[in-house]
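**Student:** My questions all concern the structure below.
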Amino acid sequence: MDILLVMGKIFLQFFWIIMDDFMNVISTAWRDLPGLRQLFPNAKKEPIYYSRKKGRESVASLFMTVEETPEPIPVKVKGEIPKWLRGKLLRNGPGKFEFGNDMYNHWFDGMALMHQFRIEDGNVTYMSKFLRSETYQTNTANNRIMVSEFGTLAMPDPCKNIFARFMSKFEIPKASDNGNVNFARYKGDYYATTETNFIHKVDLNTLDTIEKVDWTKFIAVNGATAHPHYDPDGTTYNMGNSYGKNGTAYNIIAVPQQKSDDEETLEDARVVCQITPGNSMKPSYYHSFGISENYVVFVEQPLKINVLKILTSKFRGESLSCAFNWEPELNTVIHVANKHSGEIVPFKYYSKAFSTFHHINAFEDDGFIVLDLCGLDNGDIMNKINLQNLRQSGEALDEVYNTLPKSLPRRFVLPLNINSNTPINQNLNTLTYSNAVVFRTADGKIWCEFEDLHDDDLLDEGGMEFPQINYAKYNMKKYKFLYGCGINNIMVDSLIKMDVETKKFKMWKEKGYYPSEPVFVPSPDSADEDDGIILSVVVSPNQNKSSFLLILDARTFTEIGRAEVAVRIPSGFHGVFAAK
C-alpha cells in the first residue's frame, strides 16, 4: 500500500509537470497572436548580438581530465615579477571529467581541481590538488559516477537488486559537495565553494582539504553563491535559497567577523531578510549579487528553476540542468534591501528580459544606486556550454560559438526616493555621467533601461565576462576601471581593461592562448585606482605550448613577466589572491 501511495504522488507530480509545460506552450502562442501582441509588450523580440565568425580554434583539450601536481614545482620565469608581490594566487575549476566508463556531460560537473601559484621574492612555484570532497572520494572508491551533478544524472548502482534500483528513482537528488567554482573567505579562512549547501576549508599551503562545512547546520538556507561580498566592518554577505511549506525564498545572509579562535565557521550567521519570488515554485537562478554601502541588490532574472522538475528528476531520468528554463516573456525584476536593517525597499525595478552571471560593482550616489553587471539578452547559455559543444572543432565549433549571445558590461541607475508624487514617464536619472534611463510608469512600476559601458569595438572582441575591479579600494564606490575577458572563441581568449567613463579599452591577446579571470592586486601604498598588477593563468590547447601565470602592469596593461608551467592546466572558473 505504501508503494502505491508513493507511485500516486509521483504520478500527480509528473502530471503537473506536463500540464505546466503545456500551459507554457499555450501561453507563448497566445502572446504571439497579432491582435493581442500589444497587450504583452515584453513578448516582442529584442535584438540579440551573435557572431558570424568562422575558423575558431578547437580548445577541446582544455576540457579534458588532467593529473594533479600535489607537490610544488618550480616554474620558468620570463621578464620580471615585482619583489613586493608576495602571496598565493588560488584558482578553482573542473579537472576530472570521468570515473571508469562514466563520463560527465557538462563543464560545471567536473571534479574540483585547486591550483596554487606561490609568489615570493620574484620566484614562483605551482601545485594542484583535487578537492577531497565526499563526492570525489565516493566516485573514486566505486570507479563510477555515484553523485549527480548539474548536467549529469548518476545512474542506479548496478549492484542493487531490481526493486532497490526502481525505488531509487523516487529519491530526491542528493546535493553534491563538489566545490569547483571559487574560493571564498569566511572569518580569515579560505573555502572551496560551489552553489550547494557545502563548502570545504582548505589549507592554503598544502591545498589539503581540511573540513567540510554544511550551511544548513547553521542557518535555514539550502546553499549560497560562490561570490560573497566582504564589508569593511568584517561582515561577509552572501545569498542563498530556502525551501519550505510556503515555497521558495531568496535569503540575504550575513556572517559576522570572527569573535574567538574556537568558534565555528558560520557561527552567528543570520538571515538579514527574505525576498519572495514572483513564482515560488519557479525561483530564478542567480550566480552573484550586488552590494553597496547600505544596500544589497538582487536581480531576479527570467532564467527559472522548476522546483518540481528537480524533485522528480531521478524519476524522469533527467539531470538538474533540465529544470532550468529561459522564459523571455517575463521581465527581469531588481530587488533592493537595506543590508543593516533587512528592510526591503517597498518598490521593485523592472527591465526587459536579460540574464546575468556576474555583477561588477554597485555604489550609491545622490539618492541613486548605480548597478553595473555583465548582461546577456538570452538565458540559454548554460545549455550551450556542455562538454560536447566545448569539445567541438571546425564548422561544428563555429556553429556553437555563433549561437552564443554576447555578455556585455551594462549600467542601471536605480532611484531610491520614489513616492506617489514621483512624475510619470519622465526620466528620473539626474546623474550627469550616465545616460541610463529610469521612469515611473502609469501603473506605478519603475522601469529601467541600461546604459552600455562599452562602445561597438567590444562587440568585435566577443563581449566581456569574468569582470573584476580594484575590489579592496573601490568596491561599493564610484570607480573608473573594469577588467575582464574577451570571448572571441568558445573560451575566453583575451584580457581587457575597460575605462567605464570613456568606454575605450586596452587589450592583451596572444594567438593560441586562453587567459583566465583577471585578478587585480594593488601596489603597496597605491594612490591611483589602476596602480597595481593583473594576474591571470593562461592556458593553451596546443601541447607544445606551456601554460603560464601572466603578470600585467594594470596601468599600461602591458606584460611585465610570465611564469611558465611544465604541466597541463585545464580551463577553470574563478580565483583569488591571498596576500601573505
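**Student:** Out of Val202, Val221, Val181, which single residue is surrounded by 21 or more Cβ atoms within 10 Å (Cβ to Cβ), among the aliphatic types (A, V, I, L, M) and more than 17 Å from Gly575 (Cα to Cα)? If you could, list the steps in order and put the result at the bottom.
**Tutor:** Numbers: Val202 fails: more than 17 Å from Gly575 (Cα to Cα); Val181 fails: more than 17 Å from Gly575 (Cα to Cα).
Residue meeting the stated conditions: Val221.
**Student:** Right, next: Quick test of your reading of the structure: Trp447 fulfils all but one of (1) assigned to a strand (DSSP E or B); (2) closer than 30 Å to Glu529 by Cα; (3) open to solvent by 20 Å² or more (accessible area, probe 1.4 Å). Name the failing condition by number.
**Tutor:** (2)
**Student:** Here's another thing I want to ask about it. Please state which one of Asn427, Asn421 is polar (S, T, N, Q) and out of contact with any Phe, Trp or Tyr (no Cβ under 8 Å at 6 or more places or on another chain).
**Tutor:** Values: Asn427 fails: out of contact with any Phe, Trp or Tyr (no Cβ under 8 Å at 6 or more places or on another chain).
Answer to the selection: Asn421.
**Student:** Can you tell me which residue among Asp157, Asp109, Asp121 is at pLDDT below 95 and either at positive phi or buried (at least 23 other Cβ atoms within 10 Å of the Cβ) (or both)?
**Tutor:** Asp121
**Student:** Give Asn421, Asn427 a once-over and let me know the one that is modelled with pLDDT under 95 and either closer than 22 Å to His287 by Cβ or loosely packed, with under 15 Cβ neighbours inside 10 Å (or both).
**Tutor:** Numbers: Asn427 fails: modelled with pLDDT under 95.
Just a single option satisfies the conditions, and that option is Asn421.
**Student:** Oh, and also: Going by what's in this entry, would Gly244 be described as touching a residue at least 40 places away in the same chain (Cβ under 8 Å) and surrounded by fewer than 15 Cβ atoms within 10 Å (Cβ to Cβ)?
**Tutor:** Details: touching a residue at least 40 places away in the same chain (Cβ under 8 Å): no; surrounded by fewer than 15 Cβ atoms within 10 Å (Cβ to Cβ): yes.
It is false that Gly244 is touching a residue at least 40 places away in the same chain (Cβ under 8 Å) and surrounded by fewer than 15 Cβ atoms within 10 Å (Cβ to Cβ).
**Student:** Kindly indicate the residue of segment 541-556 that is in contact with a strand residue (DSSP E or B) (Cβ under 6 Å, 6 or more places away or on another chain) and open to solvent by 10 Å² or more (accessible area, probe 1.4 Å) and also farthest from Val77 (Cα to Cα) among those meeting that condition.
**Tutor:** The first filter runs over segment 541-556 and keeps only residues in contact with a strand residue (DSSP E or B) (Cβ under 6 Å, 6 or more places away or on another chain), leaving 546-554.
Filter again for open to solvent by 10 Å² or more (accessible area, probe 1.4 Å), leaving 546, 553.
Numbers: Ser546: 12, Asp553: 16 Å.
Within segment 541-556, the match that is farthest from Val77 (Cα to Cα) is Asp553.
**Student:** Still on this structure: Scan (1) farther than 19 Å from Phe289 by Cβ; (2) open to solvent by less than 10 Å² (accessible area, probe 1.4 Å) for the single condition Arg391 breaks and write down its number.
**Tutor:** Tallying (1) farther than 19 Å from Phe289 by Cβ; (2) open to solvent by less than 10 Å² (accessible area, probe 1.4 Å), Arg391 fails exactly one: (2).
**Student:** Right, Asp460: modelled with pLDDT under 95 and open to solvent by 20 Å² or more (accessible area, probe 1.4 Å) or not? Reasoning before the result, please.
**Tutor:** Working: modelled with pLDDT under 95: yes; open to solvent by 20 Å² or more (accessible area, probe 1.4 Å): yes.
Criteria met by Asp460.
**Student:** Right, here's the next one. If we scan segment 399-411, do we find a residue that is of a type in the set (D, E, K, R), open to solvent by 50 Å² or more (accessible area, probe 1.4 Å) and free of Cβ contacts under 8 Å to residues at least 12 places away in the same chain? If you could, list the steps in order and put the result at the bottom.
**Tutor:** Step one: filter segment 399-411 for residues of a type in the set (D, E, K, R), giving 399, 406, 410-411.
Restricting the remaining residues to those that are open to solvent by 50 Å² or more (accessible area, probe 1.4 Å) gives 399.
With the extra rule that they be free of Cβ contacts under 8 Å to residues at least 12 places away in the same chain, the set shrinks to 399.
Yes, because at least one residue in segment 399-411 is of a type in the set (D, E, K, R), open to solvent by 50 Å² or more (accessible area, probe 1.4 Å) and free of Cβ contacts under 8 Å to residues at least 12 places away in the same chain.
**Student:** Has segment 126-133 got any residue that is assigned to a loop (DSSP other than H, G, I, E, B), modelled with pLDDT under 95 and not β-branched (Val, Ile, Thr)? It would help to see each step written out before you state the result.
**Tutor:** Let us first name the residues in segment 126-133 that are assigned to a loop (DSSP other than H, G, I, E, B), namely 131-133.
With modelled with pLDDT under 95 added as a condition, the list becomes none.
No, segment 126-133 contains no residue that is assigned to a loop (DSSP other than H, G, I, E, B), modelled with pLDDT under 95 and not β-branched (Val, Ile, Thr).
**Student:** Residues in segment 528-540 that are in contact with a strand residue (DSSP E or B) (Cβ under 8 Å, 6 or more places away or on another chain) and part of a loop (DSSP other than H, G, I, E, B): how many?
**Tutor:** Qualifying residue count, segment 528-540: 4.
**Student:** So in segment 338-387, with the set limited to residues that are part of a helix (DSSP H, G or I) and in contact (Cβ under 8 Å) with a residue 60 or more places away in the chain, which one is most open to solvent (accessible area, probe 1.4 Å)?
**Tutor:** As a first pass, look at segment 338-387 and keep what is part of a helix (DSSP H, G or I): 381-384, 387.
When the remaining residues are screened for being in contact (Cβ under 8 Å) with a residue 60 or more places away in the chain, the result is 382-383, 387.
On the way: Met382: 8, Asn383: 81, Leu387: 4 Å².
Looking at residues that are part of a helix (DSSP H, G or I) and in contact (Cβ under 8 Å) with a residue 60 or more places away in the chain, I get Asn383.
**Student:** Consider only pairs whose beta carbons are under 9 Å apart and that are at least six residues apart or on different chains; among these, list those whose first residue lies in segment 58-74 and is farther than 16 Å from Phe97 by Cβ and whose second residue is among the polar types (S, T, N, Q) and part of a strand (DSSP E or B).
**Tutor:** These pairs meet every condition: Thr69/Ser128; Pro70/Ser128; Pro72/Gln116; Pro72/Thr125; Ile73/Thr125; Pro74/Asn123; Pro74/Thr125.
**Student:** On to the next question. Just to verify a result, which residue in segment 467-515, among those that are aromatic (Phe, Trp, Tyr) and under 18 Å from the mean Cα position of the chain (by Cα), is surrounded by the fewest Cβ atoms within 10 Å (Cβ to Cβ)? Show your work before the answer.
**Tutor:** Here is the first cut: in segment 467-515, the ones aromatic (Phe, Trp, Tyr) are 471, 474, 479, 481, 483, 505, 508, 513-514.
If we keep only those that are under 18 Å from the mean Cα position of the chain (by Cα) as well, we get 471, 483.
On the way: Tyr471: 16, Tyr483: 27.
The extreme case among them is Tyr471.
The values are calculated or read from the model by the stated rules, or taken from the named source; none is laboratory data. Just so it is clear, the model here is predicted, and its values are computed rather than measured. No Cβ is skipped: glycine too gets one built from the backbone with ideal geometry, and neighbour counts run over all protein chains shown. Just so you know, the surface numbers come from the protein's heavy atoms only, side chains and all, with ligands and any DNA or RNA stripped out. Shrake-Rupley method; radii C 1.70, N 1.55, O 1.52, S 1.80 Å.
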